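I have placed the structure first, in the form of structure tokens, so that the comments after it can refer back to it.
Bear in mind these aren't lab numbers, they're just calculated from the coordinates by the rules spelled out. Quick caveat, the model's predicted, so the values are computed rather than measured. FYI the Cβ positions are ideal-geometry reconstructions off the backbone, even for glycines, and counts take in every protein chain you see.
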Amino acid sequence: MNIAAASAADLADVLAVERLAFGGEVEAGLVAELIADPTAQPHLSLLAHVKSRAVGHILFTAVRLEGAAPGLMLAILAPLAVVPDAQRKGIGGSLIEHGIRLLGEAGVALVFVLGHPGYYSRHGFEPAGRHGLRAPYPVSPESAWMVRPISPSVLGRVQGRVICADALDRPEYWIE
């Protein structure tokens, strides 16, 4: 498996992975919007290939924390996609870890995700609410709103509501 940053030339492959993984256009449309959204910048888009076939994609976009000091770099993982016939082979986890490493090198302190607690907890995510870090909209179950510290010293020092990119700031995206 090869994981690399997705470029503009890879957009068709990225969107094809999203469509296959989620069975429709919603996530593909969201990804296209987020990549083009200036409020989502900087973003990190990674594409996984197996034998030159695109099989996985992950997108991290910038977020802010209401009331936090300027300069605190934060990101959200949304979405993570693996095509059905490549699932349960470690591709999603590899995309997460590769992305977290690159984000850490770029100075990002915390990464948020709204997702299945059983899956994301295996990758270092923990409930964000216990640290006073709230989702842009109420989520249920609350345990699905998670954070992974890249700089562990930041947890407990900051609290508040996450403000995401305009393209992601819609209530319908905040249902797990």
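With a Förster radius of 45 Å, plug the Cβ-Cβ distance of E126 and A9 into 1/(1 + (r/R0)^6) and report the FRET value to the nearest 0.05.
Numbers: r = 37 Å, r/R0 = 0.81.
Working from the Cβ atoms, E equals 0.80.
Listed values for the stretch 97-105 are Karplus-derived 3J(HN,Hα) couplings in whole Hz (6.51 cos²θ - 1.76 cosθ + 1.60, θ = phi - 60°), namely 5, 4, x, 4, 4, 5, 5, x, 4, and x replaces Gly and Pro.
Quick one: which of 144-150, 67-73 comes out on top by average Cβ neighbours within 10 Å, and what's the full order, highest first? Could you put the intermediate results ahead of the total?
Details: 144-150: 21.9, 67-73: 11.4.
Descending mean neighbour count gives 144-150, 67-73.
Each residue of the stretch 19-34 was assigned a 3J(HN,Hα) from its phi angle through the Karplus curve 6.51 cos²θ - 1.76 cosθ + 1.60 (θ = phi - 60°); the sequence is 5, 5, 5, 9, x, x, 9, 4, 5, 4, x, 4, 4, 4, 5, 5 Hz, with glycine and proline shown as x. A simple rule links phi to the HN-Hα coupling: the Karplus curve 6.51 cos²θ - 1.76 cosθ + 1.60 with θ = phi - 60°, which for the stretch 135-144 gives 5, x, 9, x, 10, 9, x, 4, 5, 6 Hz, with x for Gly and Pro.
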